[in-house]
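Heads up, the thing below is written out as structure tokens.
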Amino acid sequence: MEYLTVKEAGEKWGITGRMVNYYCASGRIKGAVKKGNLWLIPKDAKKPEDGRRKGR
């Protein structure tokens with residue numbers, strides 16, 4: 001399986017690395033694994049919905 005770093009996933013999804021880190025830590029990205037202090041996100045993972053916004 002191929003993985004992306006937090007920075008690469010943030011660039012792909014158009015969000016900051018900090019938000020990707022938050023999503024990983026809260027378990028909102030399926031298949032994300034932590035190796036040491038580095039999160040690895042599956043290349044085919046979907047961007048989680050932003051819980052701060054409501055759909056119109």
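Just so it is clear, none of the values below were taken in a lab; they were calculated from the coordinates. On a predicted model such as this, the values are computed, not experimentally measured, just so you know. Note that we place each Cβ from the backbone using ideal geometry, even for glycine, and neighbour counts take in every protein chain shown.
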Under the Karplus curve 6.51 cos²θ - 1.76 cosθ + 1.60, θ = phi - 60°, whole-Hz ³J(HN,Hα) for the stretch 40-45, x wherever Gly or Pro sits: 10, 10, x, 4, 9, 5
Cα Rg, Dmax (largest Cα-Cα span) when computed across the stretch 3-42, Å: 8.7, 25
Burial ordering of Leu4, Leu38, fewest other beta-carbon atoms within 10 Å first: Leu38, Leu4
Relative exposure of Tyr3, Tyr22, judged by other C-beta atoms within 10 Å (fewest first): Tyr22, Tyr3
Structure-based [θ]222 nm, the chain - -39500 (n - 2.57) summed over DSSP H runs of at least 4, per residue, nearest 500: -8500 deg cm²/dmol
5 angstrom amide H check on Leu4, placed H, neighbours 5+ away: Ile41, Lys43
Stretch gain in nm, segment Tyr22-Asp44, where the contour uses 0.36 nm per residue and the Cα spacing is subtracted: 6.1 nm
